[in-house]
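Read through the structure below, which is laid out as structure tokens, and then see the notes.
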Ligand code: AP5
């Protein structure tokens with residue numbers, strides 16, 4: 001089964017994608033993670049996208065669709081969770097082509113419906129363990145022992161450079177202007193399902209499970 005998780009920055013796409021990986025063995029394909037890896041590795045693509053990402057703007061369609069094309073086959077058997085892709089109509093068409101040429105097709109586009117103002121606090125407070133990547137939050141989820149990762153015991157944490165308020169607002173404006181308009185493309189195909197993204201992580205997960213189980 002191949003699905004898209006759609007929603008603005010901080011809607012919970014990554015949180016739910018990781019859970020679906022653990023619970024259902026699906027594969028998360030996050031263009032944000034791919035681009036951050038390219039930045040950290042200092043590849044030519046990483047160097048090209050750095051400033052665009054730090055401003056909160058969208059990277060070019062050609063770059064992200066090429067990245068997805070490189071990773072798509074890794075999810076052939078287990079099913080893909082597209083997280084943060086597609087983000088423009090052009091990317092949606094590119095994904096359709098990439099899946100088509102592999103004899104695959106999308107099952108669902110799950111939109112996480114959220115209150116954007118509430119998301120600014122969610123995003124600007126988050127940080128992760130620099131070693132294992134476990135996620136934390138200044139207000140909602142601190143490590144049990146201050147300064148020590150609950151999962152791996154590491155003492156170093158990191159924050160994303162684009163998680164400051166000004167950049168978050170640009171990312172949200174980009175979502176409204178360029179990504180939300182792809183919904184009608186999928187609505188026409190009858191693929192869109194909506195979930196209340198302001199509910200708890202567990203409630204959102206249960207709603208997504210119910211959608212995926214309805215396919216069986
Ligand atoms: P990307 O990495 O995709 O970032 P994003 O879409 O802005 O999404 P986030 O990762 O910020 O949020 P999320 O929805 O995954 O929420 P999360 O689960 O982490 O993209 C970054 C940049 O890369 C873009 O700005 C662009 O420059 C570039 N890019 C990437 N893809 C691109 C593409 N296709 N085309 C062009 N450019 C592209 O949750 C957030 C926080 O909330 C966490 O602390 C979490 O613990 C908490 N939380 C989650 N769910 C809940 C809940 N239900 N209740 C309470 N707290 C919750």
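Values quoted throughout were computed directly from the atomic coordinates according to the rules given, and no laboratory measurement underlies them. What you are looking at is a predicted structure, and each value in this text was computed from that prediction instead of being measured. Reconstructed Cβ throughout: ideal geometry from the backbone, glycine too, with neighbour counts over all protein chains shown.
Couple of notes before you dig in:
- Per-residue [θ]222 nm for the chain (sum of -39500 (n - 2.57) over DSSP H runs n ≥ 4, rounded to 500): -13000 deg cm²/dmol
- Site pair residue 201 and residue 140 shows an inter-label distance of 0.9 nm when each label is modelled 7 Å from Cα along Cα→Cβ.
- Each peptide in 103-112, 142-151 receives the mean, over its residues, of other Cβ atoms within 10 Å, and ordering these scores from highest gives 103-112, 142-151.
- C-alpha center-to-center spacing [segment 91-108, segment 163-216] in angstrom: 18
- A simple spin-label model places pseudo-atoms 7 Å from Cα toward Cβ; at residue 22 and residue 102 they are separated by 2.5 nm.
- Three-way shape call for the chain based on the alpha-carbon gyration tensor, with the a/c threshold at 1.5: rounded
- Full extension of the chain between residue 214 and residue 180 yields a length gain of 9.7 nm, computed as 0.36 nm times the residue separation minus the alpha carbon distance.
- Computed from the C-beta positions of residue 152 and residue 50 and an R0 of 35 Å, the FRET efficiency is 0.80 to the nearest 0.05.
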